[in-house]
Amino acid sequence: MTLILHQLQPYHWALSGVLIGVITLLLLWLGNQRLGISTGFENLCSLVLKTAYFRRSEITGSQAWRLPFLAGLVLGGFLSAATSGGGWAPFWDLGSFDRAIGLGPAGKLVWMFAGGLLIGFGTRMAGGCTSGHGIFGIANLERASVESTLAFVAAGIVASNLIYRVGAA
Amino acid sequence: MNTALFLALGTAFGWVLSRSGASDYDVVQAMFLFTSFQLYGIIGTAVLVTAPGLWLLKRRGRTAFGAPLAVKPKPRHPGNVVGGVLFGIGWSITGMCPGPILVNLGEGKLYALGALAGALLGAALFGALYERFPAWLRLPALRVGTGDG
C-alpha cells in the first residue's frame, strides 16, 4: 500500500523498525532519556498552565529535552514531505476516510479533535503511548507497558472494526 | 549542544515515522483491520532491536559521556489499562498516536491541527482532574504521576 503523502512507497517494516530501535537507543546512550512522546503534551500544557500537576519535577525537569525533540518531529515530517518530490504544501487528503466517511475540512477537524481528546486524556492516564509503553517499556520488560500496549491495540482493533466494518459498511 | 542533539534525534524519528507509514491514516487503519502487517512489523522490530541494546546499556550503566544511566520503570496501576483503552479508541479515530500528530502537522496535513488541539485539551483535563479520580484507579501520588514517556 502507498502513503497518503504523495502516494509514496513506505520503507520496508523491518528497516523502519531497525531505524526506530537505533534512534531509541541513541536517545538513551547519548541523551540519557527514555523514549516517550505523550508527556510532551504535558510539557506543552505547562507553558500555559501553572497548576501543581503541571509543575511536577517530571515536567519541569524534562522541558529541556522534550520540547526540542517534539519540534524535531514536526521538522522531520516537514523535511519528509518537502524532499519527497511532491514538495511541501498543506492538504486535507485522508485516504480511506475520504472514501468511506467523506467529511469536509470542518468535519475532519471535529472528528480529529474528538479523537485527540481521547489520545491526550488516555495516554496521560495510561502513563505512556506507543513509544513509551509500546517500544521502550516492552523492550525493558515492564509489566505496566505490556498491559497498556495490549489494551490500546485491542481497543484500536475494536474501534476501527466498528467504524469501517459496522458503521461505514 | 544538548538542544541540538534532541532536535536532531526528534527530526530523525519524525522522518522515519513519516516514511514508514507509522503516521499514515491508512496504514494505521490497515493494522487495526488486519489488512496489512506493516505497523505490527515496525513496532515488533523496534522492540526486538531496542531490547538487547537496552539490556547492554543498562549493564554498562553509563551514557556515552560517562553519566550514570537513568532508566526509571513506569509505575503499574489500573490506569495503564483504562487509559490505554481510551487512547486506543483515539488512535483508531484519528489514525495517529502522539508522535505522528506532530509528524502529520509537519507534513502539512491540516486535520492534524484538530488532533493536536484535542490532545492538549485532553492532557490539560487529565491534569486538572488528577486528584478527583476514583480510588480504584489507584493512580500514583500527584508528584509521582502516572508514568512519564
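The values are calculated or read from the model by the stated rules, or taken from the named source; none is laboratory data. These numbers come from a predicted model, not from an experiment. Cβ placement follows ideal geometry from the backbone for every residue including glycine, while neighbour counts extend to all protein chains displayed. SASA here: full protein model, heavy atoms, side chains in, ligands and nucleic acids out. Shrake-Rupley method; radii C 1.70, N 1.55, O 1.52, S 1.80 Å.
Observations on the structure shown:
- Residue in segment B:14-35 that is open to solvent by 10 Å² or more (accessible area, probe 1.4 Å), small (G, A, S) and without any contact (Cβ under 8 Å) to a residue 24 or more places away in the chain present: no
- Options B:I89, B:I93, B:I101; residue that is under 16 Å from the mean Cα position of the chain (by Cα), more than 23 Å from A:S62 (Cα to Cα) and of a type in the set (A, V, I, L, M, F, W, C): B:I89
- Screening segment A:102-116 for residues that are part of a helix (DSSP H, G or I) and more than 19 Å from the chain's Cα centre (by Cα) and picking the one that is surrounded by the most Cβ atoms within 10 Å (Cβ to Cβ) gives A:G107.
- Whether a residue is in contact with a Pro (Cβ under 7 Å, 6 or more places away or on another chain), within 15 Å of B:V103 (Cα to Cα) and either at pLDDT 95 or above or facing chain B (nearest Cβ under 7 Å) (or both) was assessed, and A:I119 does not pass this test.
- Taking segment A:136-149 as the range and being open to solvent by 10 Å² or more (accessible area, probe 1.4 Å) and either among the polar types (S, T, N, Q) or part of a helix (DSSP H, G or I) (or both) as the test, the residues that pass are A:I138, A:N140, A:R143, A:V146, A:E147, A:T149.
- Test: residue in segment A:160-169 that is more than 28 Å from A:Y53 (Cβ to Cβ), part of a helix (DSSP H, G or I), of a type in the set (V, I, T) and open to solvent by 10 Å² or more (accessible area, probe 1.4 Å): yes
- Filter pass, B:A30 being modelled with pLDDT of 95 or more, part of a helix (DSSP H, G or I), within 20 Å of A:F69 (Cβ to Cβ) and within 7 Å of another protein chain (Cβ to nearest Cβ): no
- B:V16 falls short on exactly one of the conditions (1) out of contact with any Leu (no Cβ under 6 Å at 6 or more places or on another chain); (2) at the interface with chain A (Cβ under 7 Å from one of its Cβ atoms); (3) part of a helix (DSSP H, G or I), and that condition is (1).
- When A:G86 is tested against (1) over 22 Å from B:P100 (Cβ atoms); (2) modelled with pLDDT under 95, only condition (1) is not met.
- Any hit, segment B:52-75, residues being touching a helix residue (DSSP H, G or I) at 6+ places or on another chain (Cβ under 7 Å), touching a residue at least 40 places away in the same chain (Cβ under 8 Å) and farther than 27 Å from A:L30 by Cα: no
- Selection over segment A:55-104 of residues that are within 25 Å of B:R19 (Cα to Cα), facing chain B (nearest Cβ under 7 Å) and not aromatic (F, W, Y) gives a count of 17.
- When A:R99 is tested against (1) over 30 Å from B:A124 (Cα atoms); (2) open to solvent by less than 50 Å² (accessible area, probe 1.4 Å); (3) among the basic types (K, R), just one condition goes unmet, and that condition is (2).
- Helices (runs of 4 or more DSSP H) within segment A:8-92 that include 1 or more residues open to solvent by less than 10 Å² (accessible area, probe 1.4 Å), of a type in the set (D, E, K, R) and touching a residue at least 40 places away in the same chain (Cβ under 8 Å): A:39-45
- Screening A:G132 against (1) under 26 Å from A:N32 (Cα atoms); (2) open to solvent by 40 Å² or more (accessible area, probe 1.4 Å) leaves a single unmet condition, (2).
- Take the conditions (1) within 20 Å of A:G132 (Cα to Cα); (2) touching a Phe, Trp or Tyr at 6+ places or on another chain (Cβ under 7 Å); (3) surrounded by fewer than 20 Cβ atoms within 10 Å (Cβ to Cβ); B:A64 misses just one of them, which is (1).
- Cβ-Cβ distances below 6 Å connect the following pairs, each with a first residue in segment A:149-165 that is facing chain B (nearest Cβ under 7 Å) and of a type in the set (G, A, S), a second residue that is open to solvent by 40 Å² or more (accessible area, probe 1.4 Å) and assigned to a helix (DSSP H, G or I), and a separation of six or more residues or different chains: A:A151/B:V81; A:A151/B:V85; A:A155/B:V85; A:A155/B:I89; A:A159/B:I89.
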